[in-house]
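Down below is the structure, laid out as structure tokens.
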Amino acid sequence: MVENLAVKNMVKNPKLSQAISDVSWGEITRQLAYKCRWYGRNYIEIDRWFPSSKRCSNCGYIAEKMPLNVREWDCPSCGTHHDRDINASKNILAAGLAVSVCRATIRPEQSKSVKAGAKNPSGKKQKLKS
């Protein structure tokens with residue numbers, strides 16, 4: 001299970017560009033998908049808009065904003081202390097297992113503060129869930 005990251009957008013950030021380019025993220029995911037097919041394993045990509053870092057892996061609370069410089073945070077709902085990357089990995093694993101077991105689709109839940117017709121980061125209009 002991997003998160004479908006916007007690598008092209010990430011390399012536009014001068015602070016991240018060199019590190020991301022050195023790792024060749026696109027090649028790693030391509031090879032991983034190839035090897036999964038080769039060995040008959042599931043390769044699951046989680047949508048890039050899934051709030052893996054902002055969702056509490058303990059209770060499901062989703063933080064409104066979390067800049068990249070915030071590496072640790074405490075959930076205001078249940079009080080659990082999270083390392084951003086470990087929390088994201090737990091959420092990606094849970095989302096991937098849901099896809100694998102239930103054939104569910106993993107899409108980001110809409111915040112209750114989002115108004116109907118508001119645009120998401122991709123520029124598409126969102127509909128408010130009832």
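A count restricted to region 19-64 and to residues that are of a type in the set (Asp, Glu), modelled with pLDDT of 85 or more and more than 18 Å from the chain's Cα centre (by Cα) stands at 1. Checked against (1) modelled with pLDDT of 80 or more; (2) crowded, with 16+ Cβ neighbours inside 10 Å, Pro108 passes all but a single condition, namely (1). Inside region 50-103, residues that are of a type in the set (Ser, Thr, Tyr) and assigned to a helix (DSSP H, G or I) make up a count of 2.
The values are calculated or read from the model by the stated rules, or taken from the named source; none is laboratory data. Since the model is a prediction, treat every value here as computed from it, not as a measurement. Cβ: placed from backbone, ideal geometry, glycine included. Neighbour counts: every protein chain shown.
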